[in-house]
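So the structure is just underneath, and the comments pick up after that.
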Amino acid sequence: MYDVAVIGAGINGCTTAYHLHKAGQRVVVFDQEGVASGGSGAAGAFLSPKFAKGGELKELINSALDIALDFYTTNFPEHINRYNLLHIAKDEKDTINLQAFKKDTDIEILANSPFTPQDEYIYTSKSAIVDAQKMCEALLANIEFYKQEIETLEYKEGYWSLNGSFKAKKVVLATGAYKHNFFSEPYQMLRGIWGHRIDIKTTTQNNTSIHQFVSISPTHNGVLSIGATHNVHYHPQTTKEPYDLQSGRDELLYKASQTLELQDVKVIKDYVGLRSGSFDYLPIVGGVVDVEKSLQILPKSDIYQKKPDLSKAIMFPELYMINASAGYGYVLAPYLAQTLSKLIVEGLIVPKSLNPARFFFRWAKSS
């Protein structure tokens, strides 16, 4: 019998398992494809601020960035590298956001950027790149892992049965935007975002992270990485046509060339995967709502309140989720995983803005 089973070995699942293991829990992790095999493996794993005028998401990401930099550097220094970041505005809206951000920020802004862009930009040292695959593997180094698809999940007399052969007191769903057969709920929380990253050989030398139309890494052993979450329509499980890898490469190279002149380019590796975001753009962490029981038990007055009490939703016993980090997965994961671990182990309350129940109440009002 395990204390917690985590389904999904992307950065959210791996970091959650790590925190739970550190808290003394006996943890097992499952993924049908392998560690960091989906969106987390396709990510550039850049750690950088959110350059915006304001708002809850900006505050969340920028505070989570401090936690992430400390967490990775303290525990896995061999899998993180600090690089300066040159962030260039990609359109008029981005220009306004950057101008506002620079007027009200305490992050270090550097002079002498590697080149002077024509568009508004910010050059800062508050940035790093994580080795996505190695980081996820390191997080699970002391934790049981099975490359196995979970086909059935059933609650029986105080524990969860997974595939009829594994038992766990608690379960964490960290499955991203991929659809699965073992569990589903009618209310929609997630949007899939297809990610594509390429490693290229090039004679062009670059010593800083560059973000504009795509993300471009510094040169490492003659290799640059270029990546983006650039396709919100393609879903590997529902789109009839296969993903056009060459078209994706061409798009990434074209967008990168608008920022940095690339010479003698040869694509040497592709990474693709589905990343997940939420419909309100904030991540999702907490218990999973039992829709059927909630609709049976909750009076309409509770459901139709302008600001419903999320704690009144009826939850599945000891079933939790962590999801919807979009393009900031490696920034948000240490904070979100720590938050979920404290909920599971200590019973601490998750902030309302992250609670999955917010989507249930929105759906229930309109259904």
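The values are calculated or read from the model by the stated rules, or taken from the named source; none is laboratory data. Bear in mind the structure is a predicted one, so any value in this text is a computation, not a measurement. Ideal geometry is used to build each Cβ from the backbone, glycine not excepted, and the neighbour counts take in all protein chains shown.
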Considering only the range 204-220, state which residues are closer than 18 Å to Lys269 by Cβ, in a strand (DSSP E or B) and not small (Gly, Ala, Ser).
Ile216, His220
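Condition first: small (Gly, Ala, Ser), out of contact with any strand residue (DSSP E or B) (no Cβ under 9 Å at 6 or more places or on another chain) and at pLDDT below 95. Can you find one or more residues in the range 140-153 that meet it?
Scanning the range 140-153 turns up no residue that is small (Gly, Ala, Ser), out of contact with any strand residue (DSSP E or B) (no Cβ under 9 Å at 6 or more places or on another chain) and at pLDDT below 95.
In contact with an Asp or Glu (Cβ under 7 Å, 6 or more places away or on another chain) and buried (at least 17 other Cβ atoms within 10 Å of the Cβ): is that true of Ser278 in this structure?
Values: in contact with an Asp or Glu (Cβ under 7 Å, 6 or more places away or on another chain): no; buried (at least 17 other Cβ atoms within 10 Å of the Cβ): yes.
In short, no.
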Matching residues in the range 8-29 - criterion: being surrounded by fewer than 24 Cβ atoms within 10 Å (Cβ to Cβ) and within 15 Å of the chain's Cα centre (by Cα):
none
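Among the residues that make up the range 302-315, is at least one of them under 21 Å from the mean Cα position of the chain (by Cα), surrounded by 18 or more Cβ atoms within 10 Å (Cβ to Cβ) and of a type outside the set (Phe, Trp, Tyr)? Steps first, please.
Step one: of the range 302-315, the residues under 21 Å from the mean Cα position of the chain (by Cα) are none.
No, there is no match, as no residue in the range 302-315 is under 21 Å from the mean Cα position of the chain (by Cα), surrounded by 18 or more Cβ atoms within 10 Å (Cβ to Cβ) and of a type outside the set (Phe, Trp, Tyr).
Could you please let me know if Phe115 is farther than 22 Å from Arg197 by Cα and touching a helix residue (DSSP H, G or I) at 6+ places or on another chain (Cβ under 8 Å)? Give the steps one after another, and end with the answer.
Details: farther than 22 Å from Arg197 by Cα: yes; touching a helix residue (DSSP H, G or I) at 6+ places or on another chain (Cβ under 8 Å): no.
Considered against the rule, which asks whether it is farther than 22 Å from Arg197 by Cα and touching a helix residue (DSSP H, G or I) at 6+ places or on another chain (Cβ under 8 Å), Phe115 comes out as no.
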Considering the range 253-279 alone, what residues qualify as being in a strand (DSSP E or B) and not polar (S, T, N, Q)?
Lys266, Val267, Ile268, Lys269, Asp270, Tyr271, Val272, Gly273, Leu274, Arg275, Gly277
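Filter the range 154-178 for residues that are surrounded by 14 or more Cβ atoms within 10 Å (Cβ to Cβ) and modelled with pLDDT under 95 and give the result. Working first, answer last.
Filtering the range 154-178 for residues surrounded by 14 or more Cβ atoms within 10 Å (Cβ to Cβ) gives 159-163, 166-178.
Thr175, Gly176, Ala177, Tyr178, listed by residue number.
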So is Gln246 over 30 Å from Asn207 (Cβ atoms), part of a helix (DSSP H, G or I) and modelled with pLDDT of 90 or more or not?
no
Of all residues in the range 221-244 being without any contact (Cβ under 8 Å) to a residue 24 or more places away in the chain and closer than 21 Å to Val265 by Cβ, which is nearest to the chain's Cα centre (by Cα)?
Asp244
Can you tell me how many residues within the range 45-59 are part of a loop (DSSP other than H, G, I, E, B) and closer than 18 Å to Thr124 by Cα?
7
So which residues in the range 295-320 are of a type in the set (S, T, N, Q) and closer than 17 Å to Lys352 by Cβ?
Gln305, Ser311
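Based on what the data block shows, is Gly13 modelled with pLDDT of 95 or more, part of a loop (DSSP other than H, G, I, E, B), out of contact with any His (no Cβ under 7 Å at 6 or more places or on another chain) and in the same structural domain as Pro334 (by TED's automatic domain parsing)? Spell out how you get there, then give the answer.
On the way: modelled with pLDDT of 95 or more: yes; part of a loop (DSSP other than H, G, I, E, B): no; out of contact with any His (no Cβ under 7 Å at 6 or more places or on another chain): yes; in the same structural domain as Pro334 (by TED's automatic domain parsing): yes.
Against the criterion (modelled with pLDDT of 95 or more, part of a loop (DSSP other than H, G, I, E, B), out of contact with any His (no Cβ under 7 Å at 6 or more places or on another chain) and in the same structural domain as Pro334 (by TED's automatic domain parsing)), Gly13 does not qualify.
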Count, please, the residues in the range 110-160 that happen to be among the charged types (D, E, K, R) and in a loop (DSSP other than H, G, I, E, B).
7
